[in-house]
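The values are calculated or read from the model by the stated rules, or taken from the named source; none is laboratory data. Here the structure is a predicted model, which means the values were calculated and not measured. All Cβ positions, even for glycine, are placed from backbone atoms using ideal geometry, and neighbour counts span all protein chains on display.
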Amino acid sequence: MECKTCHYPLWNLKSRACPECGDAFRPSDFAFRPGTVRFMCPHCDQPYYGTDADGHLVPRSFACVSCDTPVTMDEMVLLPAEGVSEAGTARFALPWLDRPKHGFWKAWWKTTTMSMIRPGELIAARDDASSLGAAWGYFFVTFGFIMIVGALIGTLVFAAIAAILSNAGGMPPGFIGTMAFMQILGFAFAIVASIIFLVIWALATHVLLRITGETAGTVRTTFHALLYGSGPNVLSAIPCLNQLPIGSVWWVVSSILMIKRGHGVSGVRASFAVLALPITTIALFVVGYIALIAAIMATATPGTGLATVASSHPQMEALANAAEDHAAQRGAGWDNTDHALLLLAEGYVNALDYIAVQTPTTLDAIPLREGLTLDDFTIGAGTDVSRVARLFDPLPPDVVAHRVGDFVFTWHGIDAANPPAELWLIIEHDLSDAGIGAEPCYARRADGVVVTLYPNSSFTAQRLQDQNDARAAHNLPPLPDPTTVTQQEPATAGP
């Protein structure tokens, strides 16, 4: 027992002031290991021993059994019990609450390791009156550590992206500033969301504890358990591990053990109270996600297969919009000889629009005449579009579908001004997978819905048959398997 100001030993003193610095003290200001301190009657030296969790007398006021004088615990003279050293009387102190002794970062690290491997001792090492602000401070330091490490990793990633973009011809204007702003905005949102969720979580946990029975602690105990239990989240700062919910799950487990010890409840009650809100939140998220998928699927008409929105396939949407603009500009529909490369030749799209996202196709894999490829051209101001138009093969009169890069165009014969909603206009299919059918492909309908197809499957065979039935209803020839259409060999109607 030392003065909290100057650390002078305060044993064997009747005075309630430190002899060294003069600061007042009371025995009840200190916590001891139960049974390790003698509380001596100041009138007759009759010893008593503390038995509660803080090593204090129970009760604190009584009449001395030897001299029958009324005494209180804070009047008594304190000495270590026989055979117990002064150091042996101290109850283990929570390092975070004793930062001047340990140092800031050492106190944080010791508290974090306790949170991970000795959560029960951690909650017992603080008293219920200890500062709630200190517990929030520990939580924010832990959260800040994770954010700082994440920011450093993010900076390295941004630097790598910037280097790649520089080698590829330069970064977009304001790229670094935009990325930095988005990162700061993300951190701010994460902090606010964490505070709100943790307050709601702690209050919900405490309400459930009180509903299910008596508790030894208060709502402060519950907040202490969840705030100090956040230590395992430091695992989220480790690359690769941050992709798994290990830190979050460990946080929940530590919090359950602290609730159990701090409130003196069963493991079942502690688990129910702590897990109720997280499980409910996850369940609501899953239900909301399923409802969203169901709403998206509801936009597809029966028989379209797995549907998505066209914005998920930006190149295909750009080509479809360009084709509509091209037809409207000419005041004509798509006739049998409309080649998709006309959109490039006349400046409606750029060459990269013929390559789908996340495919290995390159511009030099898209052939033109004279041994050239699209990689040999930069379409822009001053381009001789008539020369570009002469470099691709004309389509046969009875063409049904033709390919450019990763896209098969099936608009031939469809009325551009009023196309039937269910007919496919463009099919997105990886050029490198042509004729193999291992990768999925996507058909963009006239109404903007995108249908997912799986080549070489009975599912897609049925979808293709449904599409050809729809085409027949509009007097259009059937489409072949899109994986068989190459740029050199368009599909034709045949005899």
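Quick notes on this structure:
- Residue list for segment 392-411, filter: buried (at least 18 other Cβ atoms within 10 Å of the Cβ) and at pLDDT below 80: 392
- Unmet criterion (only one of (1) at pLDDT below 90; (2) loosely packed, with under 14 Cβ neighbours inside 10 Å) for residue 322: (2)
- Residue list for segment 93-134, filter: among the charged types (D, E, K, R), outside any helix (DSSP H, G or I) and more than 29 Å from the chain's Cα centre (by Cα): 126, 127, 128
- The residues of segment 343-359 include none that are aromatic (Phe, Trp, Tyr) and surrounded by fewer than 14 Cβ atoms within 10 Å (Cβ to Cβ).
- Among residues of segment 280-312, those that are at pLDDT 65 or above and surrounded by 12 or more Cβ atoms within 10 Å (Cβ to Cβ), counted: 1
- Tally of residues being in contact (Cβ under 8 Å) with a residue 40 or more places away in the chain and not hydroxyl-bearing (Ser, Thr, Tyr) across segment 95-114: 2
- The requirement of being at pLDDT 90 or above and surrounded by 15 or more Cβ atoms within 10 Å (Cβ to Cβ) is fulfilled nowhere in segment 156-170; no residue meets it.
- Segment 19-69, subset among the charged types (D, E, K, R) and on the phi > 0 side of the Ramachandran plot, residue surrounded by the fewest Cβ atoms within 10 Å (Cβ to Cβ): 68
- All conditions in (1) at pLDDT 90 or above; (2) among the polar types (S, T, N, Q); (3) touching a Pro at 6+ places or on another chain (Cβ under 6 Å) hold for residue 46, with the sole exception of (3).
- Answer residue from segment 73-118, given it is among the hydroxyl-bearing types (Ser, Thr, Tyr) and surrounded by fewer than 16 Cβ atoms within 10 Å (Cβ to Cβ) and is modelled with the lowest pLDDT among those: 85
- In segment 220-265, the residues that are closer than 17 Å to residue 279 by Cα, of a type in the set (Ser, Thr, Tyr) and buried (at least 21 other Cβ atoms within 10 Å of the Cβ): 254, 255
- Counting only residues that are in contact (Cβ under 8 Å) with a residue 40 or more places away in the chain, part of a loop (DSSP other than H, G, I, E, B) and not hydrophobic (A, V, I, L, M, F, W, C), segment 24-75 holds 5 of them.
- Of the candidates 193, 204, 188, the single residue that is assigned to a helix (DSSP H, G or I), of a type in the set (A, V, I, L, M), in contact with a helix residue (DSSP H, G or I) (Cβ under 6 Å, 6 or more places away or on another chain) and in the same structural domain as residue 281 (by TED's automatic domain parsing) is 204.
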